[in-house]
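This report concerns only the one structure given below.
The values are calculated or read from the model by the stated rules, or taken from the named source; none is laboratory data. Bear in mind the structure is a predicted one, so any value in this text is a computation, not a measurement. Heads up, the Cβs are rebuilt from the backbone with ideal geometry, glycines too, and the neighbour counts pull from every protein chain shown. We work out accessible area using only protein heavy atoms, side chains counted, and drop any ligands, DNA or RNA first. Shrake-Rupley method; radii C 1.70, N 1.55, O 1.52, S 1.80 Å.
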There are 2 protein chains.
Amino acid sequence: MIKIAVLGYGTIGSGVVEVLEKNRGIITRRAGEEISVKYILDLREFPGDPYEDRIVHDYEIIRSDPEIMIVVEAMGGEEPAHTFARNAILAGKHFATSNKALIAKYGPELIALAQERSLNCLFEASVGGGIPIIRPLNSCLTADVIEEISGILNGTTNYMMTEMTEEGSEFVEVLKDAQAKGFAEADPTADIEGYDACRKIAILTSLICGKTVDYEDIPTEGISNITATDIKYATALGRKIKLIASSFKVGDKYCALVAPFLLAPSSPLHGVDGVFNAIFVKGNMLGDAMFYGSGAGKLPTASAVVADVVDIVRHKNVSITLQWTAEKMELADCRCLKYQYFVRTADSAKTVEEAFGPVTFVSSEGETAFITPVMDGYEFEARSAGLPGIIKSIRMR
Amino acid sequence: MIKIAVLGYGTIGSGVVEVLEKNRGIITRRAGEEISVKYILDLREFPGDPYEDRIVHDYEIIRSDPEIMIVVEAMGGEEPAHTFARNAILAGKHFATSNKALIAKYGPELIALAQERSLNCLFEASVGGGIPIIRPLNSCLTADVIEEISGILNGTTNYMMTEMTEEGSEFVEVLKDAQAKGFAEADPTADIEGYDACRKIAILTSLICGKTVDYEDIPTEGISNITATDIKYATALGRKIKLIASSFKVGDKYCALVAPFLLAPSSPLHGVDGVFNAIFVKGNMLGDAMFYGSGAGKLPTASAVVADVVDIVRHKNVSITLQWTAEKMELADCRCLKYQYFVRTADSAKTVEEAFGPVTFVSSEGETAFITPVMDGYEFEARSAGLPGIIKSIRMR
């Protein structure tokens, strides 16, 4: 019997308890031993809950109990998650988490701390919710140089963009609707400004390069300035606007970027709608691959956390190889990446052509909208300087 | 330095050598040790090949060399692959293969043989070529009861169906073209009759249920009787015909089937065209997930084989848990599955309505074509008995 503690009895934490309960038989068979939740740490009481008697309010009870082999963290945020994680590992316990903020900031520290002690620190659910991506990157795509990893990594914004496309609504209406449905938080900043996707692409990029990508180094643009008008243009062009987090190998460096893109139907990410997430990976031998599924939600995310717990039980006395050191990975300037740009401006077609040369005009009613040839970010910046009336530019792919 | 032997210097075998050569640096870093090909077993000579001096013709040289830690089999077929695999493992060597015929027939025997000796027998490339699916099923989706696994598992037939859809050509023309391009073999039977997809879904189903599914128990229908007329109907209905291999959990059993389907655009497999493969998985907690990529081809497949080799190097002294025993899994009768059917018949609309009740007619020119309501296979068989002129029926989803 493996005893575990769950930190946080919110959405994910209660999901972990539910998955372990509902799939007890098959999980026991796959892990080789029964897994039982001994403690649930939460500040609140849960009178009447079937796990009421497991609730504790003092982390020290968990840390100091030698019966607890695995600590599962599902509280979110950097603190006290980080302190709890460190203390769990220092006390000889394995650690599993769904917390991307924790892993984006302290991943290499916790991994090293665990590996020194033949323990495991796993975090499959921190990126892509239920979609297996961390473990495939770590143990399946090991024969490849990963040239690109691009994904729809945030379900909230993808749901909002899908709604704006299907309903023709404005951003604020869709946000209100998403909040009402529980798809967006009361403070939606981390999602809509791209900070959540940024942390996730930092984690993925760190894993493929083996060093630490500081998420603060990644140019990040959210979707909060996308309007119904932009969506109308996208639809007229047969495209969809989606928030894409990308990393590209450029020489010995990687180049990362989070921004809305106008996706062509030929893009494998074009068909990924609603709260679904998908991660596209290009390997130099493998070619194109894609992983698709529920990027969030209680049970899908909890399923990924429990899979980590099963993997830990299977690797009780040995660290699963995870190559992510604290050495900093310098990112290349993402302006080296080449794209076509969709641009809306108050300038005349003549001014546009003076600045950009021959372009494809999309509209000249009320405002001028056009598509540039493929160019890097430096050239785009330089040419855009000739358009004082520029309203919006969105990269295309 | 890890020394390996590659059995077979054909497409996949030479791909394995190429991947190890081209990505030497990153593979060494990920495996923790350099991996070197000491022998290549092939009946042929390869004068002028950079690996000419590694070619051997006698398997005994490999089997008896204690320096060889891993035997990679890339010959295909049941024999001598099975004898070589057994002998490698009995000689204390780990084993990796891309051979689905070998694994579909001897998987549980080889896995057990390896596990008794703390060795590994891995076969990621046997299903889905370069797409990671065996390892994700085995180590990522462990918290779920898998309710469905459905896939486009054969690149040759998917290429052919895509070509027939895009070009409007007949089956025989497209087959000739696929053979000329190297996408279909001189004897295409295993692909076009669904035998290849059948072995692959047998492997996947065995892995999710932990017992052995005999591929000969799986009702298998290929694409050789799909005509340009069928494709025309599909296109008119906004659908695509694809060869789908599926397994569904029905009570305590699984129910498997390989057959062409008319896929609606809402199906996640609808957009998977050309030589690409995709595997859709539905877990009771995870919900829907999909894995997409190059299902065949030299380098993608070799990339998956080399990933197995890296995983073996990381697990030199421990068996990676693989739950697949020799105990036979009885399959449920796939007629219990419910579908709509698309039917073409020489019978009149009146006869059709007498047999099927109210249906949706698609055509009544020259022949009658219609879509049935959702029904199980028993009902469909019983009702079809009333249509002596039936030309074709294809399941829809």
Checking A:ARG335 against (1) at the interface with another protein chain (Cβ under 8 Å from one of its Cβ atoms); (2) assigned to a helix (DSSP H, G or I); (3) surrounded by fewer than 22 Cβ atoms within 10 Å (Cβ to Cβ), the condition it does not meet: (1)
Would you confirm, using the coordinates I've provided, whether A:GLY222 is assigned to a loop (DSSP other than H, G, I, E, B), away from chain B (no Cβ under 14 Å), out of contact with any Lys or Arg (no Cβ under 7 Å at 6 or more places or on another chain) and touching a residue at least 60 places away in the same chain (Cβ under 8 Å)? yes
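Step by step: first the residues of region A:227-265, then only those that are among the aromatic types (Phe, Trp, Tyr) and assigned to a strand (DSSP E or B), then the one that is surrounded by the fewest Cβ atoms within 10 Å (Cβ to Cβ). Which residue is that? Can you show your working first?
Residues of region A:227-265 among the aromatic types (Phe, Trp, Tyr): A:233, A:248, A:254, A:261.
Now restrict to residues that are assigned to a strand (DSSP E or B): A:248, A:254, A:261.
Values: A:PHE248: 20, A:TYR254: 27, A:PHE261: 23.
Filtering region A:227-265 for residues that are among the aromatic types (Phe, Trp, Tyr) and assigned to a strand (DSSP E or B), the one surrounded by the fewest Cβ atoms within 10 Å (Cβ to Cβ) comes out as A:PHE248.
Could you count how many residues in region A:338-358 are in contact (Cβ under 8 Å) with a residue 40 or more places away in the chain and assigned to a strand (DSSP E or B)? Steps first, please.
Quick first cut of region A:338-358, residues in contact (Cβ under 8 Å) with a residue 40 or more places away in the chain only: A:339-347.
Checking which are assigned to a strand (DSSP E or B) leaves us with A:339-345.
Of the residues in region A:338-358, 7 are in contact (Cβ under 8 Å) with a residue 40 or more places away in the chain and assigned to a strand (DSSP E or B).
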Filter result (in contact with a strand residue (DSSP E or B) (Cβ under 8 Å, 6 or more places away or on another chain) and either more than 24 Å from A:ARG29 (Cβ to Cβ) or aliphatic (A, V, I, L, M) (or both)) within region B:309-321: B:VAL309, B:VAL310, B:ILE312, B:VAL313, B:LYS316, B:ILE320
Residues satisfying the stated conditions in region A:74-92, i.e. under 20 Å from A:TRP324 (Cα atoms) and of a type in the set (D, E, K, R): A:GLU78, A:ARG86
Select, from A:GLY238, A:GLY251, A:GLY271, the only residue that is away from chain B (no Cβ under 14 Å) and without any contact (Cβ under 8 Å) to a residue 40 or more places away in the chain. A:GLY238
Does at least one position in region A:255-263 carry a residue that is modelled with pLDDT of 95 or more and either over 20 Å from the mean Cα position of the chain (by Cα) or closer than 30 Å to A:LEU20 by Cα (or both)? no
Unmet requirement for A:PHE361, which otherwise passes all of (1) of a type in the set (Phe, Trp, Tyr); (2) under 20 Å from the mean Cα position of the chain (by Cα); (3) more than 11 Å from every other protein chain (Cβ to nearest Cβ); (4) assigned to a strand (DSSP E or B): (2)
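Could you count how many residues in region B:227-266 are closer than 23 Å to B:ARG199 by Cβ and of a type outside the set (A, V, I, L, M, F, W, C)? Step through it out loud before you land on a result.
The initial filter retains those residues of region B:227-266 that are closer than 23 Å to B:ARG199 by Cβ, namely B:241-250, B:253-261, B:263.
Remaining after also requiring of a type outside the set (A, V, I, L, M, F, W, C): B:242, B:246-247, B:249, B:253-254, B:260.
Matching residues across region B:227-266 total 7.
With the requirement that a residue be in a helix (DSSP H, G or I) and either more than 30 Å from A:ALA178 (Cβ to Cβ) or within 14 Å of another protein chain (Cβ to nearest Cβ) (or both), what does region A:140-161 give you?
Of region A:140-161, the ones in a helix (DSSP H, G or I) are A:155-161.
Hit for region A:140-161 is A:GLY155, nothing else.
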Meets criteria (within 30 Å of A:SER139 (Cα to Cα) and open to solvent by less than 10 Å² (accessible area, probe 1.4 Å)) for B:GLY151: yes
So, first residue touching a residue at least 40 places away in the same chain (Cβ under 8 Å) and closer than 24 Å to B:ALA91 by Cα in region B:1-18, second residue part of a helix (DSSP H, G or I) and open to solvent by 20 Å² or more (accessible area, probe 1.4 Å), Cβ within less than 6 Å, six or more apart or across chains; the pairs are B:LEU7/B:PHE84
Out of (1) open to solvent by 10 Å² or more (accessible area, probe 1.4 Å); (2) within 14 Å of another protein chain (Cβ to nearest Cβ); (3) touching a residue at least 12 places away in the same chain (Cβ under 8 Å), the one B:GLY287 does not meet is (3)
Can you find a residue that is touching a Phe, Trp or Tyr at 6+ places or on another chain (Cβ under 8 Å) and modelled with pLDDT of 95 or more anywhere in region B:164-183? yes
Could you count how many residues in region A:292-318 are open to solvent by 10 Å² or more (accessible area, probe 1.4 Å), at the interface with chain B (Cβ under 10 Å from one of its Cβ atoms) and not in a helix (DSSP H, G or I)? 6
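Select from region A:319-330 the residues that are open to solvent by less than 40 Å² (accessible area, probe 1.4 Å) and not aromatic (Phe, Trp, Tyr) and write down the one among them that is nearest to the other protein chains (Cβ to nearest Cβ).
The first filter runs over region A:319-330 and keeps only residues open to solvent by less than 40 Å² (accessible area, probe 1.4 Å), leaving A:319-320, A:322, A:324, A:329.
In the following step, the residues that additionally are not aromatic (Phe, Trp, Tyr) were identified as A:319-320, A:322, A:329.
Working: A:SER319: 10, A:ILE320: 8, A:LEU322: 11, A:MET329: 14 Å.
If we take residues in region A:319-330 being open to solvent by less than 40 Å² (accessible area, probe 1.4 Å) and not aromatic (Phe, Trp, Tyr), then A:ILE320 is nearest to the other protein chains (Cβ to nearest Cβ).
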B:ILE394: passes all of (1) in a strand (DSSP E or B); (2) open to solvent by 40 Å² or more (accessible area, probe 1.4 Å) but (2)
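Based on this model, can you work out whether B:ALA245 counts as within 27 Å of B:PHE370 (Cα to Cα), more than 16 Å from the chain's Cα centre (by Cα) and either touching a residue at least 12 places away in the same chain (Cβ under 8 Å) or away from chain A (no Cβ under 14 Å) (or both)? Lay out the reasoning, then the answer.
Working: within 27 Å of B:PHE370 (Cα to Cα): yes; more than 16 Å from the chain's Cα centre (by Cα): no; either touching a residue at least 12 places away in the same chain (Cβ under 8 Å) or away from chain A (no Cβ under 14 Å) (or both): yes.
No, not satisfied.
Listed here are the residues, each with its yes/no results for (1) over 28 Å from A:LEU153 (Cα atoms); (2) more than 14 Å from chain B (Cβ to nearest Cβ); (3) within 30 Å of the chain's Cα centre (by Cα); (4) hydroxyl-bearing (Ser, Thr, Tyr).
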site	(1), (2), (3), (4)
A:ILE27	no, no, yes, no
A:LEU41	yes, yes, yes, no
A:ARG54	yes, yes, no, no
A:GLU73	no, yes, yes, no
A:ALA81	no, yes, yes, no
A:ARG86	no, yes, yes, no
Residue tally, condition in a loop (DSSP other than H, G, I, E, B) and open to solvent by less than 20 Å² (accessible area, probe 1.4 Å), over region A:364-388: 2
Looking at B:ALA278, B:ALA197 in this structure, which one is more than 14 Å from every other protein chain (Cβ to nearest Cβ), touching a residue at least 12 places away in the same chain (Cβ under 8 Å), within 21 Å of B:THR301 (Cβ to Cβ) and under 14 Å from the mean Cα position of the chain (by Cα)? B:ALA197
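What residue, of A:LYS392, A:LYS316, is modelled with pLDDT of 95 or more and among the basic types (Lys, Arg)? Full working, then the answer.
Working: A:LYS316 fails: modelled with pLDDT of 95 or more.
Step by step, each of A:LYS392, A:LYS316 is checked, and only A:LYS392 is modelled with pLDDT of 95 or more and among the basic types (Lys, Arg).
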Considering only region A:102-133, state which residues are assigned to a helix (DSSP H, G or I), open to solvent by 10 Å² or more (accessible area, probe 1.4 Å) and within 13 Å of chain B (Cβ to nearest Cβ). A:GLN115
Quick one: which residue in B:GLY168, B:GLY210 is under 19 Å from B:ALA332 (Cα atoms), touching a residue at least 60 places away in the same chain (Cβ under 8 Å), surrounded by fewer than 19 Cβ atoms within 10 Å (Cβ to Cβ) and not β-branched (Val, Ile, Thr)? B:GLY210
